[in-house]
Amino acid sequence: MSDIEKTAAAWAVRADAQALGPKARAELEAWLADDPRHRGAFLRAQAGLRLIDQASVVKDVLPAPERSVDRKAYVGRALVVAATLAACALLLLVAPLGDLRTQVGEQRRVALEDGSVAMINTDSRVGVKFDPDLRHVRLKRGEAWFQVAKHPERPFVVEAGDVRVRATGTAFSVRRDPQGVRVVVTEGRVLVWREGQGAKPVAVVADQEAFVPVAEDAGAAKVQASRAEDVLAWRRGEIVLNGHTLAAAAAEFNRYNQQKIIVRGERAGQATMVGYFLIDQPSAFAMAAARTTGSSLREVGGDLVIENSQ
Amino acid sequence: MSSGQDAIIDWVAIHILPHEGYVRGWLKRTMRQASDVDDVIQEAYCQIAQLDTVAHIRNGRAYFLAAARSIVLRRLRRDRVVSIEAVSDIDAMRVVNDDPSPEQVVGARRELEQVLALIAKLPPVCRQVIELRRIHGFSQKETARRLGVSEAVVENNAIRGLRAILKGLESETASVVSPTAPSAAERASAHVRH
């Protein structure tokens, strides 16, 4: 493995340092074509460089060294970063009933007294009220995912505006936007309806989602198939883009981060994006987006501006 | 480089590479020859390099393990390179938890600490090159100027550093998930989904 691995690392570093000239490029292609294992080793080495780049989070807390880095200070700062990240990581709290809130970028995992778990996404507000015969949750703002403990005699109802979602034992998320309420089911089955209209509840099962528009005249809940794991990737600290426009993807990142991504130019905004990204690294996404759309990326007043070059 | 390839490199960096130690640990327990482990890992990366898209893969660790397992089985049938006691363990490993547990969510953060720890262990020049190039984003030329060395020295140290970090990620304790085999509960409750 060692020779292949050594050559692969050398090519990854060279190709990363500067665009390869035609001669070097032909040489690399020849090496890759030479043995099927070479391509795998090259991919692994390139991924290694990217993984090191992920460590660029420390850039914010570490001043650029002019000469050498004090090792102790470095490790100390790394620990500070680690502690900060740990603090940002999901916290497991025990049933503080009443009002649960999250700030922009914060996610909370809350164990409820009945054995259910609520995972509350960024910038959200959730009210919890449990009665002997009804478990009532009010989503005042934002998004939350619920893993509901089975108590058939004690339904679990989420209220989001005039939309209701009812479950007994299952897992689903509810998201409130200005346009409407979106319910994504990851396990089991829930009923979704709009209160006070005589509208019939619709059933939504695992890997389906329902959207209820805010405007009453826009009709009842629409049910469709869902890539539930992708939609709910935020629970793993990720955003999964699967043909989203750049404008929509930027809006999604902006939900989680104080540093906003601003897209200028219609052509750039309409470009579609595919990939997995870390939710708390808007700059990594902005760089990738600028690169794939051939746009420029600038930092303006702390925000990231992606703009068509021409 | 096409954007599709680029997305796959990003995906491998985040979802495959951090689990290499874990998959290697499983392979070591099932195979007699250490060199076989390298071969299987190499073949798994080779398969991933042939993918056009990774959008359909939900869980990198589960995918990596499933790929390694099928390579082991194929070799077992082909030339009996692998020891026979592998089979029972392979069956036990058929199932892989596909749901993100809180540990995995936190684990995604742990990979960063892991990489930082590996960088901190590099020899001084090597570490400075990696820090200046990767973390602070200086060009090779600027890095050479700051360190007062030639660009060739920077390049050689970057290669050395990358290799040392990749080597570090091979060890099981470097893996982002707990180094033990999947728990009984994990085996019982989970399944591979595609």
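FYI, it's all coordinate maths here, none of it is from the lab. Predicted, not measured: the structure shown is a model, and the values here were computed from it. So basically every Cβ, Gly included, is an ideal-geometry build from the backbone, and we count neighbours across all protein chains shown.
Data for the structure
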| read-out | value |
| --- | --- |
| Residue-averaged beta-carbon neighbours from other chains (10 angstrom radius) around B:6-19 | 6 |
| D_trans [Stokes-Einstein, Kirkwood Rh over alpha-carbon pairs] for the stretch A:189-297, 25 °C, 0.890 mPa s, µm² s⁻¹ | 154 |
| Per-pair calculated FRET efficiency, R0 = 35 Å: B:Gln5 and A:Lys222 via Cβ, rounded to 0.05 | 0.45 |
| Stokes-Einstein diffusion coefficient of the stretch A:109-231, Kirkwood radius over Cα pairs, 4 °C, 1.567 mPa s, in µm²/s | 91 |
| Dipole magnitude of the stretch A:237-308, debye to nearest 20 (Cβ charges: Lys/Arg +1, Asp/Glu -1, about Cα centre) | 140 |
| Mean Cβ count within 10 Å, highest first, over the residues of peptides A:14-21, B:10-17 | B:10-17, A:14-21 |
| Of A:Lys140/A:Lys222; A:Lys23/B:Lys167; A:Lys200/A:Lys222; A:Lys222/A:Lys260, those spanning more than 24 Å from alpha-carbon to alpha-carbon | A:Lys23/B:Lys167; A:Lys222/A:Lys260 |
| Exercise: per-residue mean of other protein chain Cβ atoms within 10 Å, A:13-20 | 4 |
| Label-point gap, in nm, between A:Glu113 and B:Ser35 - each point 7 angstrom along Cα→Cβ | 6.6 |
| Geometric extent, Cα atoms of the stretch A:237-308 - Rg, Dmax (angstrom) | 10.6, 30 |
